[in-house]
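Colleague: My questions all concern the structure below.
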Amino acid sequence: MPPAFTVSVPRLQTDRLMLREYRPGDFDAFAAHLADPESVSHLTVRDRASSWRIFGSHAGLWLLAGAGWWAIESRETGELVGNVGAFFRDGSKVMEVGWNTYREAWGKGFASEAAACALAYAFDVRREPKVHAIISPSNVSSIKVAQRIGLVDEGEVAFEGKLERSYARYRESA
């Protein structure tokens, strides 16, 4: 890659977390998460090759759309605890937020903290008028995260051959 080629992924901080660019050393934890049936019970279990394609596409979204996914790192320990995104799906003009925390980090409030930070970035920095999250109706923990960050259930949406729920929030007017 030529030395002049750069892509900037904004780094964001909360009291406990650093949202940062994906790094090659993050991949093993990412792939282990996607291979764990309990961790991805509302998604799809992935093999290592599929995980690599997802990892690369998450990182590459920054180049294509100026929005994408961050690795979530604990500021206290430096450990990777999950990932969070503020991104666009193909053909969508509405920014989506998504989050995953690795099983060892469950129950610590990291998903809500990281998702709130990504939402603030979408509204305060990017000035997006609306942000939504697509969540399986059976994913109670993600629904609770969505509600904690102020997303409201807007109803059913067809997504990847299933009926899911769309939770959304609009940017407050100045």
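Colleague: Check which residues have an amide H placed less than 5 Å from E154's amide H, if you skip close sequence neighbours.
Modeller: Distant-sequence amide H within range of E154: S166, Y167, A168.
Colleague: List the chymotrypsin sites (Phe, Trp or Tyr not before Pro) within segment 99-174 that DSSP assigns to loop and that have no more than 16 neighbouring Cβ atoms inside 10 Å.
Modeller: W106
Colleague: So how exposed is R148, as accessible area in Å² (1.4 Å probe, rounded to 10)?
Modeller: Per-residue accessible area (R148): approximately 150 Å².
Colleague: Choose one of V84, V97, G107: the residue whose Cα lies farthest towards the positive end of the charge dipole of segment 75-115 (beta-carbon charges +1 Lys, Arg; -1 Asp, Glu; about the Cα centre).
Modeller: Farthest towards the positive pole: V97.
Colleague: Let me ask something else about it. Quick one: 3J(HN,Hα) in Hz for segment 117-132, Karplus 6.51/-1.76/1.60 with θ = phi - 60°, rounded, Gly and Pro as x.
Modeller: The phi angles translate into 5, 5, 5, 4, 4, 4, 7, 7, 9, 7, 6, 5, x, 8, 9, 9 Hz.
Colleague: 7 Å from Cα along Cα→Cβ at both Q147 and K162: what's the point-to-point distance in nm?
Modeller: In this crude spin-label approximation the distance works out to 2.0 nm.
Colleague: Moving on. Please check which bits of segment 106-129 a label hung off S74 would reach, taking the label as a point 7 Å along Cα-to-C-beta and the cut-off as backbone N under 12 Å.
Modeller: The answer is 106-110.
Colleague: What size of dipole, in debye to the nearest 20, comes out for segment 19-174 about its Cα centre when the only charges are +1 on Lys and Arg C-beta atoms and -1 on Asp and Glu C-beta atoms? Could you put the intermediate results ahead of the total?
Modeller: Details: 19 positive and 21 negative charges, 64 e Å.
Dipole about the Cα centre, nearest 20: 300 debye.
Colleague: Are there GluC sites (Glu not before Pro) in segment 123-172 that DSSP puts in a loop and that have at most 15 other Cβ atoms within 10 Å, and which ones?
Modeller: On the way: sites: E154, E156, E160, E164, E172; in loops: E160, E172.
Taking segment 123-172 and a limit of 15 other Cβ atoms within 10 Å, the loop GluC sites (Glu not before Pro) found are E160, E172.
Colleague: Take every Cα pair under 8 Å in the chain that's 6+ residues apart, average their separations, divide by the length, and report that relative contact order as a whole percent. List each step's numbers first, then the result.
Modeller: Numbers: 284 pairs, mean separation 27.5, N = 174.
With pairs under 8 Å counted, the relative contact order is 16 percent.
Colleague: Something else about it: Can you tally the lysine pairs in the chain where the Cα-Cα distance is under 22 Å and the two residues are eight or more apart, or on different chains?
Modeller: On the way: K93/K130; K93/K162; K108/K144; K130/K144; K144/K162.
Close lysine pairs found across the chain: 5.
Colleague: Add -39500 (n - 2.57) for each DSSP H run of 4 or more in the chain, then divide by its residues: what number comes out at 222 nm, to the nearest 500 deg cm²/dmol?
Modeller: My calculation for the chain gives -8500 deg cm²/dmol from helical runs alone.
Colleague: Follow-up. Under the Kirkwood approximation for Rh and a Cα-based Rg, what ratio Rg/Rh is obtained for segment 70-138? Provide the component values of the computation, followed by the final result.
Modeller: On the way: Rg = 12.8 Å, Rh = 12.8 Å.
Reported Rg/Rh (Cα atoms, Kirkwood Rh): 1.00.
The values are calculated or read from the model by the stated rules, or taken from the named source; none is laboratory data. Note that the structure is predicted; figures quoted are calculated from it, not measured. We place every Cβ from the backbone using ideal geometry, glycine too, and count neighbours over all the protein chains shown. Heavy atoms of the whole protein, side chains included, go into the accessibility calculation; ligands, DNA and RNA do not. Shrake-Rupley method; radii C 1.70, N 1.55, O 1.52, S 1.80 Å.
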